[in-house]
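Only one structure is covered here, and it is reproduced in the block below.
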Amino acid sequence: MTELTISQVQMTFTNVSGISALLAFWAFVLGAIGKWKTKVYRVAEILILLGFVCLTAAIITRGIEANRFPLANLYESTLWFAWAIMGGYLLLVRRLGQNQLGWLAALFATMFFLYGSWLPGNQQVITPLVPALVSYWRQIHVPPLIISYALFCLSGLSSLVELWYAGHIRSLILAAVTIVLAGTAICLGTYTSIDTVWLQLLFVGSSIAGMFLAWRNLSHIATAKADQAKANVYDEISSKAISVGLPLLTFGIITGGLWANHAWGTYWSWDPKESMALVTWISYAAYIHLRVHHELSAERLSLVSIIGLILTLLTYLGFNSLGFGGLHSYGRFK
Amino acid sequence: MNGTQQLHNGEVVTSNKAIAENKSFFYFIDKINTWLVNSLSSVKLTIVLLSLLAVMVLLGAWCPQIPQGGPGKVVEQFGPQTADYLIKMGIADIFHSLAFLLLISFITVNIIFGSFRHVFPKLKLLKSPMPWLRAEQINKMPVHYQFESSLSPADCENNLARTLKRLGYSVCINGSQLTAESGKFGRLAPTVTHIGLLTLLAGVILSSWTGFSGFKGVCPGETLSFLDAEHSQLWLGKLPNWTVRVNETHREDYPSGEAKQWYSNLSVLDRNGKVQKTQTISVNEPLSYNGVDVYQSSWGLKTLKIRFNNDAKQLSLQSMGKLFAAFLPLPQNAVIIFSIRDAQAPLRIFAKREDWSSPKLLSQVPLGGQTDLGGVSLIYEGTVAQTGLQYKCDPGLPIVYLAFIFIIGGISLAAVPHRQVWAQLKESPSGNNNNQLVTIGGTTKKGKISFARQIENIMEKLKND
């Protein structure tokens, strides 16, 4: 009876949080196109805050219900991801007073709520931990990684807004379509039984072609729509999210190595998930070098950040849904 | 006259032409040297190498790697033809391929040259104090303001210093001039990170040249020896002559029947067979002795012990997901399947013929029980468990851990913005002797907009004071 009540409380908190994120999205959209801009944006921010608080409560009650740290399967990680997206927005973005990122952050959080709630039942139920996961290292290793993925996504979304304000509309459309196609491949891999080879081709093919075309079309600028001052603000948000996300990713990868060494006697075994986390790390290390040494313009850097977002999606969700194997197959469907 | 001329006393005199030739030779060498150092330390090269590394690692993540899953895994995923191609191309073992090792060597060279040319020299900047700037110079800063304050010079300067200190700046005052700096140690980020990367490479090289590792499945009563361990050709030491005996091994289950933990009770025996240490290990709880670590890596049931008409027989068990199964082929394409969940569970016996769609359950026998299979008496005597022990000796590990600390520290420091602020107070040129003309400006490489807002807020506060 008690267990059922905790479960219901947890589901209620999760649902309120998901609905808040969805309402916040619409409030941001209304704020952009309607009257009473300031008031509507205020309501949207309150909704994001409400969603964040409720999701914090949902994660805590999930932990009480499972009697363990609530980050052991894909469903729980999507809750953490949405939590970090909303928290990241409130901490990093709101301080700079930029609302254009609000609707994208709220949309992304809502999509992760939907993604999590549509996962197969065996991914949502609380199941006993396999021996390898029974360790205090789980709560040290996994949360920084999920939070870093959320910050990288915020950075990529901020780069999309930057492209808009810099007048690179063609590149923006191409980059956005690329992200949508990558997301489609991940969703098809999650919810359908399409052969993963085709989905891998869709993900990789659309990412390479889309980003190449976006890069080539950067020379096309719609000057009438350009607002360089605002573009600079979003460039700063993007860079700030990476500067916080990269230490977290580094910490997550290294603590994963320490855990693996403690459990199996090797800190690096070229497991697919490890390798892909390394690729994501390399892409952001390249971003930092390019930024510090002024090798690329802000617009080209924004595309590097969007490439980072795609690699983050591949590392976080593509690994499970596109049919990779290895030691980190706890959230695998196929 | 070419080259050199030797005088009677043996002294060598070089002609002007030879000097010129030598000069041009050294100039040429110097040019090549400069070009080589510039190229090897270039950030563009870093980006190219990192991109290549990312592509190779992605390929390694996409294609199952032979050292992890064997060639069978590649065939299973891609079919025999594509698998054969991937194996021949080296993609199925990309992390041991010559191309990958060359790339890692090239990256190492790039890090070393980049560190000594671009990163480490910047350490000097930490020691150098901020210069004192005049109002005209401050006005050329990326962020700068000039305004009048009605406060006295001392009050104005004190207010400004107090505000900056509250924001985390260290402040220096020299008469009417002020400098302030925050996040100075953020400038150490590239140095610390590069030291970490170089330390990591040193640790990995030391491990691969001097360490050893291996895996063995061991049944209770048997011993684990390190003599067949994998180790480098350059390995300089001696493999341990002590062994590890498995006294007992078992699996702990959740109430639902899934494995919760695997345990093995181990004893370290010296070469005379004397017990030196005894410990029960589990996943995440290894045994450490004399620099060697022994890990609980896997667990399973190895052998099924049965008796047919009092004739003892042992069958090999195979892991089939949550179950273990043994197969006994019979004539006419039939097979008897023995299935068991764990050591205490009853043995389930199935028959399967080629023309049957699924196996048929013949009998279920508890541990120590007996059943009759078509006139043959079968007694289920039990199973033999096997613990999978991974072991390793890694002398480079402390260096690798030190590198991890440097890398985390360095990359965290990169998030700290380095900010510099200058200010100068002058008498107001407006003629009001009580007013001060305050010039304030500054620069930063990270978070320029936040910094500009911070300086603007400081200015507004001083104006209002």
Kindly provide log₁₀ I(q)/I(0) values, in the same order as q = 0.13 Å⁻¹, from the Debye equation applied to equal alpha-carbon scatterers of region A:98-163.
-0.56
How are the alpha carbon pair distances in region B:324-391 distributed across 10 Å bins from zero to the largest one, expressed in percent?
19, 47, 24, 8, 2
Exceeding 31 Å between C-alpha atoms, which entries from my cross-link table qualify? They are A:K35/B:K461; B:K44/B:K124; B:K127/B:K463; A:K39/B:K140.
A:K35/B:K461; B:K127/B:K463; A:K39/B:K140
Using protein chains only (no ligands, no nucleic acids) and a 1.4 Å probe, work out which residues of region A:252-270 have their accessible area cut by at least 30 Å² relative to the chain alone.
A:I254, A:L258, A:N261, A:H262, A:A263, A:W264, A:G265, A:Y267, A:W270
Where does helix B:397-413 land angle-wise versus the long Cα axis of chain B, in degrees 0 to 90, nearest 10?
40 degrees
In Å and on Cα atoms, what radius of gyration and Dmax does region B:73-173 show?
29.6, 86
With 54 Å as the cut-off, how large is the P(r) tail for the protein assembly as shown, expressed as percent of Cα-Cα pairs?
26 percent
Just check region A:134-334 against the gyration tensor rule for me: Cα atoms, a ≥ b ≥ c as the square roots of the eigenvalues, rounded for a/c under 1.5, and otherwise prolate or oblate depending on whether a/b exceeds b/c.
oblate
Suppose R0 equals 51 Å; then what is the FRET efficiency for B:R134 and B:V384 from their Cβ-Cβ distance, rounded to the nearest 0.05?
0.05
Over 19 Å, how big is the tail of the calculated P(r) for region A:112-246, in percent of all Cα pairs?
66 percent
Largest-first principal axis extents of the Cα set of region B:19-121 (Å):
69, 31, 18
Value at 222 nm in deg cm²/dmol, rounded to 500, when DSSP H runs of n ≥ 4 in chain A each add -39,500 (n - 2.57)
-25500 deg cm²/dmol
On protein heavy atoms with a 1.4 Å probe, the accessible surface that disappears when B meets A, both sides summed and given to 100 Å², is 4200 Å²
Students sometimes get this wrong: rank B:F25, A:F152 by accessible area, probe 1.4 Å, all chains present, largest first.
B:F25, A:F152
May I ask you to find the residues of region B:404-418 that are shielded by at least 10 Å² of accessible area once the whole protein assembly is considered instead of their isolated chain (probe 1.4 Å)?
B:F404, B:I407, B:I408, B:I411, B:S412, B:A414, B:A415
Ratio of region B:222-293's C-alpha Rg to 2.2 N^0.38 Å, to two decimals?
1.35
Can you give me the convex hull volume of the Cα atoms of region A:50-104, divided per residue and expressed in Å³?
75 Å³
Only Cα pairs under 8 Å and at least 6 apart count here; give the relative contact order of region B:46-112 as a rounded whole percent.
41 percent
Calculated Rg and Dmax of region A:183-247 using C-alpha coordinates, Å:
17.3, 47
How many nm separate the modelled label positions at B:S150 and B:S319, each set 7 Å beyond the Cα in the direction of the Cβ?
8.2 nm
Relative contact order for region A:1-128: what percent, with Cα pairs under 8 Å and sequence separation of 6 or more?
31 percent
Rounded accessible area of B:Y295 (nearest 10 Å², 1.4 Å probe)
10 Å²
Heavy-atom accessible area ranking, 1.4 Å probe, most first, across B:K73, B:K23, B:K446:
B:K23, B:K73, B:K446
So if I average 1/r over every pair of distinct C-alpha atoms in region B:394-465 and take the inverse, what Kirkwood radius in Å does that give?
16.0 Å
What is chain A's relative contact order, in percent, from Cα pairs under 8 angstrom and six or more apart in sequence?
19 percent
Dividing the alpha-carbon Rg of chain B by 2.2 N^0.38 Å yields what?
1.64
Semi-axes, largest first, in whole Å: what does sqrt of 5 times each Cα gyration tensor eigenvalue give for region A:1-128?
29, 13, 12
Between the alpha carbon centres of region B:351-390 and region A:102-128 the gap in Å comes to 44 Å
Using a 1.4 Å probe, how large is the accessible area of A:W215, given in Å² and rounded to the nearest 10?
80 Å²
Mind grabbing the base-10 log of I(q)/I(0) for region B:317-448 at q = 0.09, 0.17, 0.19, 0.21 Å⁻¹? Debye formula, identical points on the C-alpha positions, no solvent, two decimal places.
-0.60, -1.01, -1.12, -1.23
Region B:159-219 and region A:249-328: distance between their alpha carbon centers, rounded to Å:
21 Å
Under 17 Å from a label point 7 Å along Cα→Cβ of B:K274: give me every residue in region B:287-322 with its amide N that close.
B:290
Once neighbouring chains are kept in place and the probe is 1.4 Å, which whole percent of the accessible area of chain B is contributed by carbon and sulfur?
57 percent
Exposure of B:K461 as accessible area (Å², to 10), given a probe of 1.4 Å and all protein chains
80 Å²
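The values are calculated or read from the model by the stated rules, or taken from the named source; none is laboratory data. Please read all numbers here as calculations on a predicted model, not as lab measurements. Note that we place each Cβ from the backbone using ideal geometry, even for glycine, and neighbour counts take in every protein chain shown. The accessibility values were calculated without ligands, DNA or RNA, using every heavy atom of the protein model including side chains. Shrake-Rupley method; radii C 1.70, N 1.55, O 1.52, S 1.80 Å.
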